[in-house]
Amino acid sequence: MKIKEIQFKEDASRRIYLSYMKRIERMIKPLSETDQTEVLLEFNSHIFEGLAHQHQKNEIFKIVDILDKLGNPEEVLKPLIADKKLEEATRTFNPIHLFKALALNISNGISYLIFGILYLSLFGFVFLIYAKFNNPDEVGLFMKNDSFMVLGKLNKGYLQNPNISEVLGNWFIPVMLISIILSYLLITLLLKLKRSINKK
């Protein structure tokens with residue numbers, strides 16, 4: 001993950017620049033190599049353009065001013081890394097990336113809580129299909145006296161109760177598959193909406 005280093009006339013300016021870039025590198029380690037390179041190139045480009053447009057003569061003042069405007073990498077990059085991890089989770093269908101995103105950016109609050117609930121629901125539906133194959137009689141959507149009781153596994157003892165019935169029958173697996181597809185589509189749509197809001 002090497003990018004072309006910006007050349008400076010003064011050694012102090014170079015040290016400030018390299019220190020900032022190393023802080024970025026530390027922050028973006030959880031990302032894929034492609035995403036890491038993309039982030040580094042973007043920051044490097046901003047610094048290079050800033051140096052070209054700054055009218056100050058003192059190089060150290062220039063670089064300090066530019067980095068100050070770019071912000072503290074430890075703060076600026078947190079939401080970006082969390083978003084990238086969330087995108088990765090959606091692409092790869094890997095819950096580990098989701099939990100990393102949540103851990104990296106708890107402060108992003110409600111939107112990440114919603115994504116977390118949707119992902120847990122999605123994997124819950126997958127688990128229920130697997131459980132239904134192993135325990136077809138004990139797993140399902142159970143009602144008691146026409147009121148919802150449980151979606152999942154019910155102990156055999158409860159099944160003897162005439163007031164309790166499984167209402168989906170052979171439709172259980174198709175309904176769970178539809179729920180998985182709908183959850184995934186909703187996650188994808190909300191992610192696109194979140195990205196479009198962040199760009200504004």
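The values are calculated or read from the model by the stated rules, or taken from the named source; none is laboratory data. Just so it is clear, the structure is predicted and the values come from calculations on it, not from any experiment. For neighbour counting, all protein chains shown are included, and Cβ atoms are generated from backbone atoms with ideal geometry for every residue, glycine included.
Details
- One residue stands out in region 94-123 among those that are modelled with pLDDT of 70 or more and of a type in the set (Val, Ile, Thr): the one that is nearest to ILE173 (Cα to Cα), namely ILE117.
- Filter result for the condition that a residue is surrounded by fewer than 14 Cβ atoms within 10 Å (Cβ to Cβ) and modelled with pLDDT of 90 or more, over ARG91, ARG15, ARG23: ARG15
- Residues being within 30 Å of the chain's Cα centre (by Cα) and within 16 Å of SER19 (Cβ to Cβ) - total across region 47-74: 9
- Test: residue in region 154-168 that is in a helix (DSSP H, G or I) and loosely packed, with under 11 Cβ neighbours inside 10 Å: yes
- Residues that are closer than 25 Å to TYR119 by Cβ and surrounded by 13 or more Cβ atoms within 10 Å (Cβ to Cβ) within region 136-148 comprise VAL139, GLY140, LEU141, PHE142, listed in sequence order.
- The lone exception for GLU74 - which of (1) at pLDDT below 75; (2) part of a helix (DSSP H, G or I); (3) loosely packed, with under 13 Cβ neighbours inside 10 Å it fails: (1)
- Taking the listed residues SER32, SER45, the one that is under 30 Å from THR92 (Cα atoms), modelled with pLDDT of 90 or more, surrounded by 12 or more Cβ atoms within 10 Å (Cβ to Cβ) and of a type in the set (Gly, Ala, Ser) is SER45, with no other qualifying.
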